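Inspection log for the structure reproduced underneath, given as structure tokens.
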Amino acid sequence: MKKLFTILFMAVTLAVNAQRQDVAVETGPFGNDWSSLSAWECPEWFKDAKFGIWAHWGPQCQAEDGDWYARFMYFEDSGQYKFHVGHFGNPSAFGLKELCNAWKADKWDPEALASLYKSVGARYFMVLGNHHDNFDNWDSPYQEWNSVNVGPKKDLVKGWSDACKRHGLPLGVSIHASHAWTWLEPSQTFDGNLTKADGMGKWWEGLDPQELYAQRHTHSTGWEKSGTIHSQWDWGNGASLPSEAYKKKFQNRVLQLINDYNPDVIYFDDTAMPFYGCDDQIGKNILQHYYNHSAAQHGGRQQVVVTGKQLTAEQKDYMMWDVERGIPDRPQDTYWQTCTCIGDWHYNQSRYNDGSYKSGATVVRMLVDVVSKNGNLLLNIPVRGNGTIDDKERRVLADIKAWMDINGESIYGTRPWKTFGEGPLAEASNPMNAQGFNEGQKYSAQDVRYVEKDGVVYATIMAWPVAGDFTFKAFARSAPSYSGKVARVSLLGGGDVKFSHDINGLTVTVPAQKPNDIAPVFRIVF
């Protein structure tokens, strides 16, 4: 009887959800046009924060086999397909929906992780709202395939949000699901075209697979089943165009998320806004709603950030540019963010096994470089399917913390100085590929990065030089960055150091004793 009641209750709940009205777009100081939306400004709290940590965690992490698993588990000649068949069975019988249900997140402790990340130095925290797999990690009334109805049976975004509030961390939510329409097309020859009627007598009875897969449409053209990855990323090049119902559902999900969870940042994994290139209205509606929603809570001034990829100069006026796994080789006039990961975006056991995580030193040097160029660093620490992180990830975090505990004042609240840096990499060209993908710089003891705060300049040498004299050329009297006579120099974590300041620059004495193993930071007062 209890089981029958549960089934009937779910059926009624889903029917009610299906009849929900569209979420109204909030009105206020921001209108529904690009000119009005360009009144947005990046809030000072975000510019001060500099460093965020991301839990890019969803049902695809259940396999612990890396990125884009829900797509490539359907490519018969891919390694992930072979892994899937070996561990779960053929995806016709055990497909994405089963993977979502198998994901239980039974060891997830958001309180402990939020506390850890705050202690490491994160000043905001990003969670995965949904990925291209189209599964919502919150109590989503407009997407029945969510973490409350299926899998963990928990509101994960709320759990993260509550923990962030307790630790004073602004909350970001990343939204990737606009791409599911084309991204899940490989499922069409397996279980991707199942309907609600096919669920009779099965665990997913009452749920409509098409609300998850969205695949009862003509396949895109322009790519082979086993061919290229990105050819349908944007809405062109033969991509099947999404239906009005699909786009409206996406908009409702995002607006409801904003209303119920009040995130401080929304990250869109899109070229500009979702559906850019086939429908600008969805993006306008979301930005108008979000900015007005925030303004209503902050005395008429919005205090939130929306990020997108590959932005034009005009688009950078109404949202923030996010660079994926890369760093511009020069400072940016408008504020920006880079997002990267110590391994794969989704947890990959092989990364642990082969020891290929980014080191704490690599992360810190990226952070210093990004901050010198007027940006923030958002770092993903992959989370295992059960909701935990592994011991090697904790070691990386411990190394970051050790440096930040000593040198954090050279990061938080700083702004670019007259010059961002000097040395071989500062003089080199390092163009980005598409949305980024140019990280991996080999920083050396000849590379320096500068920032300033309250009239004080912080100079970071990107790797420890040998003990003895080191000259910062940016302080030479002939340099455009010359700012007057230096009065005092100290090494963060090490106290005052001897220095001389002449026509050639500022020469400091680098001590033999190192307060940290990654990079020295000198505090320079005029």
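The values are calculated or read from the model by the stated rules, or taken from the named source; none is laboratory data. This structure is a prediction, so every number in the text was calculated from the model and none was measured. Here Cβ is always computed from backbone atoms with ideal geometry, including for glycine, and neighbour counts include all displayed protein chains. Protein only, heavy atoms only, side chains kept; ligands, DNA and RNA dropped before computing areas. Shrake-Rupley method; radii C 1.70, N 1.55, O 1.52, S 1.80 Å.
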Original post:
touching a residue at least 24 places away in the same chain (Cβ under 8 Å) and touching a Leu at 6+ places or on another chain (Cβ under 9 Å): does that describe residue 292?
Top reply: no
Original post:
Do we find a residue being more than 24 Å from residue 255 (Cβ to Cβ) and over 20 Å from the mean Cα position of the chain (by Cα) anywhere in region 155-169?
Top reply: yes
Original post:
From the list 453, 485, 442, which residue is of a type outside the set (Ser, Thr, Tyr), open to solvent by 40 Å² or more (accessible area, probe 1.4 Å) and touching a Phe, Trp or Tyr at 6+ places or on another chain (Cβ under 7 Å)?
Top reply: 485
Subject >> Criterion (outside any loop (DSSP other than H, G, I, E, B), open to solvent by 10 Å² or more (accessible area, probe 1.4 Å), on the phi < 0 side of the Ramachandran plot and among the aliphatic types (A, V, I, L, M)) met by exactly one of 295, 239, 245 >> reply: 245
Subject >> Odd one out for residue 392 among (1) of a type outside the set (A, V, I, L, M); (2) in contact (Cβ under 8 Å) with a residue 60 or more places away in the chain; (3) closer than 20 Å to residue 110 by Cα >> reply: (2)
**OP:** Within region 38-66, count every residue that is under 24 Å from residue 303 (Cα atoms), among the acidic types (Asp, Glu) and either part of a loop (DSSP other than H, G, I, E, B) or open to solvent by less than 20 Å² (accessible area, probe 1.4 Å) (or both).
**Re:** 1
Subject >> helices (runs of 4 or more DSSP H) completely within region 68-154 that count 2 or more residues being modelled with pLDDT of 95 or more and among the aliphatic types (A, V, I, L, M) >> reply: 96-102, 110-120
**OP:** Take residue 4 and decide whether it is at pLDDT below 95, open to solvent by less than 40 Å² (accessible area, probe 1.4 Å) and not in a loop (DSSP other than H, G, I, E, B).
**Re:** no
**OP:** Have a look at 93, 70, 114, 49 and point out the one that is closer than 30 Å to residue 407 by Cβ and out of contact with any Cys (no Cβ under 8 Å at 6 or more places or on another chain).
**Re:** 49
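The rows are residues; the columns are (1) in contact with a Ser or Thr (Cβ under 7 Å, 6 or more places away or on another chain); (2) over 30 Å from residue 370 (Cα atoms).
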residue	(1), (2)
44	no, no
74	yes, yes
78	no, yes
94	no, yes
103	no, yes
Original post:
within 29 Å of residue 269 (Cα to Cα), modelled with pLDDT under 95 and not in a helix (DSSP H, G or I), is that true of residue 416?
Top reply: no
**OP:** Sort out for me the strands (runs of 3 or more DSSP E) sitting completely within region 298-397 that have 2 or more residues that are out of contact with any helix residue (DSSP H, G or I) (no Cβ under 9 Å at 6 or more places or on another chain) and surrounded by fewer than 20 Cβ atoms within 10 Å (Cβ to Cβ).
**Re:** none
Original post:
Which residues, taken from region 248-272, are open to solvent by 10 Å² or more (accessible area, probe 1.4 Å) and touching a Gly at 6+ places or on another chain (Cβ under 8 Å)?
Top reply: 264, 271
**OP:** Could you please let me know if residue 492 is buried (at least 16 other Cβ atoms within 10 Å of the Cβ) and under 20 Å from residue 400 (Cβ atoms)?
**Re:** yes
Original post:
What about residue 182, is it within 30 Å of residue 288 (Cβ to Cβ), touching a residue at least 12 places away in the same chain (Cβ under 8 Å) and not charged (D, E, K, R)?
Top reply: yes
**OP:** Among the residues of region 140-150, write down those that are surrounded by fewer than 24 Cβ atoms within 10 Å (Cβ to Cβ) and either out of contact with any strand residue (DSSP E or B) (no Cβ under 7 Å at 6 or more places or on another chain) or without any contact (Cβ under 8 Å) to a residue 60 or more places away in the chain (or both).
**Re:** 141, 142, 144, 148, 149, 150
Original post:
Does residue 160 meet the test of being touching a Lys or Arg at 6+ places or on another chain (Cβ under 9 Å) and of a type in the set (A, V, I, L, M, F, W, C)?
Top reply: no
Subject >> Those strands (runs of 3 or more DSSP E) lying entirely in region 424-509 with at least 1 residues under 26 Å from residue 50 (Cα atoms) and modelled with pLDDT of 95 or more >> reply: 448-453, 456-461, 468-472, 488-491
